Structures are given as C-alpha cells and as structure tokens.
Ligand code: PHE
C-alpha cells in the first residue's frame, strides 16, 4: 500500500485540525440557511430544538466520526473496511461520498451567487448597472455556471496543496477573518434604530410552532451545519494525530459551529427587520421570505437603500463573509471524494483533485442552469441523506465496532477518559438515544 499512504498527509497542529473542522462546519448552512429558519419557524423555539439536536445528537456523532477516522487513517469507505469485516458498512461510506459529491454540486452554485454579489455591490456603487444586473440574476444559467466554476477552481487549488499546506493553511487564514467580519457587522446592524424588533423576533420563542416538521427540519439543519453523516469528519479525523483529545476537539468544533450560527442569526434577522423599517418588503405571500430571497434580495436591497460608500462596504463585506464561509466548507466536501480516490485507487492528490472536482462541476453546471434542482438535492442528500448516514454510523460504532473499542481509541489522546462521565454517557447516546431519535424523525417525516 505504499502508493496510497504517500499522498495522505496530516494536520500540523491541533488548532489546525479544529479550525479546518470548524471551517467545514461553518458555511452557508450557518449564515444562509439557519437565520431564516429561525425567523420563519418559530424564533427561539426553533433555536432551542436546534441546540438540543446539536448537543444531544450532533456532538456524540461527531466524536464517533472523528474516532473512526483516526482509528483507520482512511477515507470513509476504507475506514469501515479497515475497522470491521462487515460487508455492509463500506457502502455507508460510499453513500457518504455520494452525498458529498451531490451536496457540493449545488453548494458551489449558491456560493457562486454569494461571490458574484460581492462584485455586484461594487458595480452598483459605480453605477455600472448592466454588470450589476447581470450578477444579481440568479436565474442566469451561464452566469451561474461561470462563477460556480471559479469557486470550484479555488476549492481544487487549495485541495491540491495537501492537508497541512493546503487545507490547514487556507482555513487558518480564513476563519479569524470570518469571525472578525461577523462581529463588526453585528455591531453596525444592532446600532441602527429599527433592528430591535428583529432581535425580539429572533430571541422570543413561539412554542406553538413546535411540531414534527420543525423538529425534522432542525435535526437536518444540525447534521448539515455540523458536516455530519457523510464522513467529512471521518476524513478530517484520519489526518489527526494520536495525541489529540477527540471529545474535546469535537466539543470545540460543535461550539464554534453553534456560536457562529447564533451570531449569524443575530446579524441577519435584525438586518431583515431593518430592511422592513426602510420600506423594503420582507414577506412573500404572507410569510417571511425564504433564505434565497432574504440573502440574495432583501439584504442587497438594504445595502442599496443605505447607499453610498457605507452601503457598498457593508455589501461587499457581507458577501465576502458568505464566500469565505462557503469556501472552507467546499474544501471539506471535495476532500471526501478526493481522499476516497487517493486511498482506494492509488491516484496522486493533484490528479484526484482535478478529476473529481472537474467531474462534480459537470453536475454543478446542470444545477446552474436549473436552480430548482438545489431544492431536490438538498432534500434528498442533506435532509435525508445526512441523518441516514449518521444513523448508520451510530449502529456501526454501537453494535459492530463497539463503543468500548472507540473509547480505547479516544484514550490515546485523553488519558483518564475511563474515569470520566463521558465514558458512561457517550455510549448510551450512540447506542440508543441518537439512533432512536434520528429514526423517529426520519419516519415521522414520511408519515
Ligand atoms: N457544514 C456546511 C455548512 O453549514 C456544509 C457541509 C455539509 C460541509 C456536509 C461538509 C459536509 O454550510
């Protein structure tokens, strides 16, 4: 297996791993999808259910994924094969690779919109309205495809740099920038009169809205936002040093993801109400606008209403924020199929990245011309695919590999883990609570 090990790589530091994993987690899911879901699906009631899903289901599954990855040192397909001789589970890994490919195919189109809007704000400022209109036309297939291609190109370039010199270096530079931008923008928005109604809408719970649909939506959102259920964290975990503490790293990543989603909500929901106070229509057919309308219509309208240099600066910064968040996620989405091709077929990293990325772009181009496909793919591969993958990962660790063996692997970087509460609680979640909750949710969604 000499060929297959040379192109694998590893993280340079613990912080590098945490930032890369947090970069994977923090993405369009946090800044584009989460805030609107909170605003439209019950405010703080949604937030509460989301937090419950994140900590009770997401965190245990994340620790499980990272442990499988580090134990095996392999991509999701090879990982299951390396740990157990059960013939079924490598297929679970393969399903993860498929989900990664399909999610990436539509993700780059949305990311491309965001990237295009950053330039739109500049063109608008200088009065180049033809160019600005071209960039805001989310239905323009050719334009969508061109910008998605640019985005995919950037993602491939970073991946070809390898784990520490590519992924780790890029995310280490981008994550602090992302946090800086978001904090500055929140301060600006909350200082504006008219934003307090939005803060109230965001933080006051409407418990009457809690139902099976909301819980299903919050669970899917938690899986998507934490990058779980498709082996992204198996892959990232496979580059992790034995001396690192897995439960602690998983906790950091979970907290970073939830924290940034919360901040994004605090930025965007008030901004939406600010837009309303400026006379911009924020509802579509009686209910609040969807995430696409919110981020790609209402916010630009708000930036244009503010106008001048300030409006432009806010617009450019916001869409750069969204693009950076998306890029650190597309890296991880592409790394999953790339690591699969490197490990299983002995292909060199460069070649693997260009061919896999290029292949996925063909699907992206299709989505670019027919954006309705975003909804279909998102439902099939994110809302159903990821929780399904998470469910099967729980079954694997709980009943095939066994939680004791997983704990033994965690012990390398966490001496004394067997004397902690974690060793008692985590297996219960992996064996019973998480799979039962996921299955219940998947079933109630269908009936
Ligand atoms: N977590 C990313 C987001 O919130 C999306 C993602 C899902 C990335 C699955 C990798 C794997 O946008």
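The values are calculated or read from the model by the stated rules, or taken from the named source; none is laboratory data. Quick caveat: nothing in here was measured; it's all calculated off a predicted structure. Glycine also receives a Cβ, built like all others from the backbone with ideal geometry; neighbour counts cover every protein chain displayed.
Would you mind stating whether residue 303 is under 22 Å from residue 147 (Cβ atoms), in a helix (DSSP H, G or I) and within 19 Å of the chain's Cα centre (by Cα)? Don't jump to the end; show me each part of the working.
Working: under 22 Å from residue 147 (Cβ atoms): yes; in a helix (DSSP H, G or I): yes; within 19 Å of the chain's Cα centre (by Cα): no.
Criteria not met by residue 303.
Can you pull out the residues in segment 242-258 that are away from the ligand (no atom under 13 Å from the Cβ), part of a helix (DSSP H, G or I) and in contact (Cβ under 8 Å) with a residue 60 or more places away in the chain? It would help to see each step written out before you state the result.
Filtering segment 242-258 for residues away from the ligand (no atom under 13 Å from the Cβ) gives 242-252, 255.
Right, trim to part of a helix (DSSP H, G or I) and you get 246-252, 255.
246, 247, 248, 249, 250, 251, 252 - these are the residues of segment 242-258 that are away from the ligand (no atom under 13 Å from the Cβ), part of a helix (DSSP H, G or I) and in contact (Cβ under 8 Å) with a residue 60 or more places away in the chain.
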Can you spot a residue in segment 381-403 that is closer than 16 Å to residue 58 by Cβ, more than 16 Å from the ligand (Cβ to nearest atom) and without any contact (Cβ under 8 Å) to a residue 12 or more places away in the chain?
no
Answer yes if at least one residue in segment 281-293 is more than 16 Å from the ligand (Cβ to nearest atom), within 23 Å of the chain's Cα centre (by Cα) and either outside any loop (DSSP other than H, G, I, E, B) or surrounded by 23 or more Cβ atoms within 10 Å (Cβ to Cβ) (or both), and no otherwise.
yes
Looking at (1) away from the ligand (no atom under 16 Å from the Cβ); (2) buried (at least 21 other Cβ atoms within 10 Å of the Cβ); (3) within 17 Å of residue 111 (Cβ to Cβ), find the lone condition where residue 326 falls short.
(1)
Which residue, of 139, 127, 93, is surrounded by fewer than 17 Cβ atoms within 10 Å (Cβ to Cβ) and either in contact (Cβ under 8 Å) with a residue 60 or more places away in the chain or touching a strand residue (DSSP E or B) at 6+ places or on another chain (Cβ under 6 Å) (or both)?
139
The residue that is nearest to the chain's Cα centre (by Cα), considering only those in segment 362-386 that are buried (at least 22 other Cβ atoms within 10 Å of the Cβ) and more than 26 Å from residue 216 (Cβ to Cβ), is 364
Matching helices (runs of 4 or more DSSP H) fully within segment 358-425 where at least 3 residues are more than 17 Å from residue 231 (Cβ to Cβ)
372-377, 403-411
Does residue 54 meet the test of being modelled with pLDDT of 95 or more, assigned to a helix (DSSP H, G or I), under 16 Å from the mean Cα position of the chain (by Cα) and over 29 Å from residue 429 (Cα atoms)?
no
What are the residues in segment 25-45 that are more than 16 Å from the ligand (Cβ to nearest atom) and in a helix (DSSP H, G or I), if any?
39, 40, 44, 45
So residue 269 passes all but one of these: (1) farther than 30 Å from residue 434 by Cβ; (2) away from the ligand (no atom under 15 Å from the Cβ); (3) crowded, with 24+ Cβ neighbours inside 10 Å. Which condition number does it fail?
(1)
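Determine if segment 62-84 includes at least one residue that is in a loop (DSSP other than H, G, I, E, B) and buried (at least 24 other Cβ atoms within 10 Å of the Cβ). Talk me through it step by step, then tell me what you get.
Quick first cut of segment 62-84, residues in a loop (DSSP other than H, G, I, E, B) only: 73-75, 84.
Narrowing further to those that are buried (at least 24 other Cβ atoms within 10 Å of the Cβ): 74-75.
Yes, segment 62-84 contains at least one residue that is in a loop (DSSP other than H, G, I, E, B) and buried (at least 24 other Cβ atoms within 10 Å of the Cβ).
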Among the residues of segment 332-351 satisfying the criterion of being surrounded by fewer than 24 Cβ atoms within 10 Å (Cβ to Cβ) and either within 17 Å of residue 78 (Cα to Cα) or in contact (Cβ under 8 Å) with a residue 40 or more places away in the chain (or both), which is nearest to the ligand (Cβ to nearest atom)?
341
